[in-house]
Amino acid sequence: METKLDQKRMESVRRRCGFSSGFEIEAESLEEGDFNDILYFFEKSGGVLREQKRMEAFRDTLEECKLLDIGYWRVRYTWEMDIPTILTGHRSFPFEAWWTMEENFEGLIREFWDSSFVSLMEKLKLLQNHLKKWSGSIKSRKDGLKRSLTRELESLLLKDRDDDTMAKIIDTKIHLNLEIDKDECASTRRRINSITKLVSEDGREITDGSEILEAATGYFEDLFASNGNGDPQNVLEGIESIISHEVNESLLSPFREDKVRTALKDMGPIKAPGLDGFPALFFQQYWHIVGKEVLDFCLGILNGNKGANLANVTEIVIIPKFHNPSSLVNFRPISLCSVLYKIVVKTIANIMQNIIGLCIDEVQSAFVPGRFITDNVLLAYEILHTFRQKRTGKKGYMEIKLDMSKAYDKVEWNFLKEMMLKIGFAHEWVGLIMKCITSVSYAVNINGYRGRVFQPTKGLRQGDPLSPFLFLICSKDAKETVSSLLGVRSSSNPEKYLGLPNVVGRRKKEAFKSILDKISLRIDSWSTRLLSQGGKEIFIKSVLQAIPTYAMSCFLLPKTLCESIENKLARFWWQKGVGRRARVFKAKYFPDCSFRDSNLGSSSSYVWRSIWAAKASLEMGLIWRVGTGENIFVFEDAWIPNFTIVRLTSDFGNLQFVKVAELIKSDVREWNRELISNTFSEAEAEMIFRIPLATGPHEDLMVWKGELSGEFSVRSSYKLLQDYDPTAYALHHIYRDFYNKLWKIDIPLKIKMFIWKISWNYLATRVNMSLRKLSTNYLCPHCGSGEESVNHLFRECPASVTIWKELSDAILVTFPFTDPPGQTIKVNFDDAFDERSKLSASGIVVRDSSGSVLLASTELHKDVDSAFAAEAIACRRASQIALNINRESVIIEGDSLTIIKKCKQRDFDKSQVGSYIHDIQMLKNRFKTVSFEFVPRSANNLAHILASETLKRRERVYLVNGVLSYAEFQSKIDYAREPD
């Protein structure tokens, strides 16, 4: 309860009312009144800033008392008055993603689509009405289900609480909560995001719903009206033509189905749809029904035969830039384009993404593949650090920080068109883009209601996939213009840039306190208190641990802050290339050496100290992949995989070689076994012989040994640090493999959590309940013959034994070999590997379209490092044999999905088998037509038998038009099976 009585009088009231518990909080000032403490900074407007410790203490108090902040959704601050009226207007059509899970929904769509013979846009409009009626019947059914579940729960609560009844109560509660949560979460979200008041430019307060909608429409109508700023040619005088004739030719090639399908596939399935209400999920899931008409519509626009105006009616929704704004200036407009229009412009944007680097300045980082926005964060910090260090000399520096207000909205269409033509884009390409930009019409959506439609004459849309690229092109000449205009407002010391601190002083924790506030805010949300253990795990991994990631990509966070974050998470869990950025740091801190040879230096910035602190961790994970060996020092570099001590310890004082290349016979691309055996110890020599050498030499590569791909990842870096410091593991090494496998299994999370609890004996068995003085009965309720421990419950109880026996019969599904089509031949490969001898065998079988064996071949290979390498060697051997047969069309099949994927890719493979994959890629270029396909083991049995028997018998085979006796039975099975 809340009272305005002072503490002394409250004590008297408590005694008279008989309250046995409670607490009093003194008023904030000498005057008596409400308890005006707050949980977060944004809950207070004006006055002196509240101390962080005081807010943390208040949050801790609420947590200890098990109290929740239920929120407040009307006027933000209690001293503001007037309650607004509800909006009226056209309600938007909401397509619900869960409809697709209804059993008859696809049939409903197909029946309607096949029976309608109007245009695509008309079909979608009619389908809206059809689905509204259908969803009404679904809602009635679900309301009936809620009532039924409520009655069932009330009935169960009146019964005796035996085990069966408790199980039914829990299941019914879960089912009922799921149905209720869908509606409550949506209602709560709408309530929180609703706009209840606006203040017009003349200071008038608007609370009527219709007036708010019209005011917003008028605001954006004025915002997107062109100023008619004359001829832009004088602004474009210094811009040079960049786009070449070859680039324009590639841009003007006809659009095809695959590009349209790729654009649709890349869209978020349930991201906000446009005016028609259909999200990308609808078109993705039912492409086999609607795809032909959608494809014809989009290609008609892209290839110049149709206008885009039919699909280009865009809804504007406004997102607040901060909590509870009242002026439209403080909202960010987001354009909800229809998915049909998005498919068109995303197809164009995917092409623009590949060439945007040609059109913009090197210092621009956003939206360019291979560049990151965090690059600019680091550079801004480094520049300001240099300013602070500059204390002597006559020449100083000046910083100009610009904030472009409503930048997208102010782009003049005429200027954009002339700019694209000036840098060299073809008229046809510019015409296609301008057709998409200028055919737009807008309707503002406030609180789910849509206003009147209007046509803009300038501006780019937030939410249009093409807008970021067009804006970058428009801003190309900004540097020259700003250089000539210095009449800008200055900022004495901008606290943040792109959301991160510009200057980090000695109080580092204070600089990053907003991270802890964000985590606290998400944890303290009332909805997170109701999560299950599995739900908490997902929330921690997906939401909470992601919050500090952005800052951690640039700064080494203080240890005390990390500990505070860990404490927060733990408490929540247990309660219910050398880019521009690198070049800047290299020029300043290590101009004459590599990063690995750099020193920390004095007066270094906090960014550089954060980066340099990770150097030791980086060194632990780097290793050379041997190509030519010209760049690798034998006794100084790490180049031997799977070796705990990567620096060789041989006595090399009198040796005449220093590079790995001198250990390789370059003419045959093999290790010089005699030289290596006479120089190194037996263990060292064996490890060197296992390093694969590509038949065609390639450059030496520095790779990351923590990942099989050779690419750096934060996850593997953390893993290497844990291996380096065994005390970092929370679990004993005996259980490490078990838990690694458990978390990787593709099963429901609640089952994983249940297994985890079993492994730690956290289940409420009767033995555990008795140990905690919660029960006096130890006996198993199922058999009554033993104590109900975890081991008894799952292994020894007769009921459990019966269940395990019934589950033990496996269902085997096999996939047979299939013949290749037409004149194509099929080459199947497999391997067998002996870990102890490091010997492997390759089995290759070649068959034609009738299934007849054309060739059976096996080969033995020495010094093979792993079964993975053995599979790659077998694939290389299969490629060599297929090339020698000299057929126009070849299919190469294997049962190693990873190897097949690597063979399909074009990029250089940095993994341990990269040398073999390099050879396969070189061979692949010499085929007329070749494809690599994955098949399960059951469809690859003949090659498997050949490899296994060869490893046992230690004999090579090369047999034309047949196989050896031990493989004849499998060959007949593959040949005699029913054709497809």
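What follows draws every value from the coordinates through simple rules; no lab data is involved. All of these numbers come straight from a predicted model, not from anything done at the bench. Virtual Cβ from ideal backbone geometry, glycine too; neighbours counted across all protein chains shown.
From the cross-link list LYS665/LYS862; LYS321/LYS518; LYS741/LYS901, which pairs have alpha carbons spaced over 19 Å apart?
LYS741/LYS901
What is the extension gain from LYS659 to GLU787, computed as 0.36 nm multiplied by their sequence separation minus the C-alpha to C-alpha distance, in nm to one decimal?
39.3 nm
If each of SER116 and GLN233 carries a label point 7 Å out from its Cα toward its Cβ, how far apart are those two points in nm?
Each label point is offset 7 Å from its Cα along the Cβ direction, giving 5.0 nm.
Can you pick out the pairs among LYS139/LYS292; LYS139/LYS271; LYS346/LYS910; LYS541/LYS902; LYS536/LYS902 whose Cα atoms lie more than 26 Å from each other?
LYS139/LYS292; LYS346/LYS910; LYS541/LYS902; LYS536/LYS902
How far apart, in nanometres, would the label points at GLU670 and ASN350 be if each is projected 7 angstrom from Cα along the Cα-to-Cβ direction?
In this crude label model, GLU670 to ASN350 measures out at 4.8 nm.
Starting from 0.36 nm per residue, how many nanometres of slack lie between SER441 and GLU106 once their C-alpha separation is accounted for?
Full-extension gain reported as 117.4 nm.
Summing Lys, Arg as +1 and Asp, Glu as -1, what charge do residues with Cβ under 13 Å from the Cβ of ALA349 carry, ALA349 excluded?
Summing Lys and Arg as +1 and Asp and Glu as -1 gives +2.
Can you give me the distance in nm between label points at THR386 and GLN823, each placed 7 Å from the Cα along the Cα-to-Cβ direction?
About 6.5 nm separates the two model spin labels.
Under 5 Å between amide H atoms, partner at least 5 residues away or on a different chain: which partners does LEU855 have, H built in plane at 1.01 Å?
VAL846, ASN961, GLY962
Rounded to whole Hz and in sequence order, give me ³J(HN,Hα) for the stretch 296-305 from the Karplus expression 6.51 cos²θ - 1.76 cosθ + 1.60, θ = phi - 60°, writing x for Gly and Pro.
Values per residue, Gly and Pro as x: 4, 5, 5, 5, x, 6, 5, 8, x, 9 Hz.
If you find the alpha carbon centre of the stretch 736-776 and of the stretch 106-140, how far apart are they in angstrom?
48 Å
For ASN678, put the label point 7 Å out on the Cα→Cβ axis and report which residues of the stretch 607-642 keep their amide N under 20 Å from it.
Taking a point 7 Å out along Cα→Cβ of ASN678, the residues of the stretch 607-642 whose backbone N falls under 20 Å are 634-635.
In which sequence would GLU871, GLU214, GLU201 go, from the one with the fewest C-beta neighbours within 10 Å to the one with the most?
The order, fewest Cβ neighbours first, is GLU201, GLU214, GLU871.
From the cross-link list LYS826/LYS972; LYS125/LYS259; LYS168/LYS750; LYS838/LYS924; LYS904/LYS928, which pairs have alpha carbons spaced over 20 Å apart?
Going by Cα-Cα distance, LYS125/LYS259; LYS838/LYS924 fall outside the 20 Å limit.
For every other residue with a beta carbon closer than 12 angstrom to the beta carbon of MET753, add +1 if it is Lys or Arg and -1 if Asp or Glu, then tell me the sum.
That sum, taken over residues with Cβ under 12 Å, equals +3.
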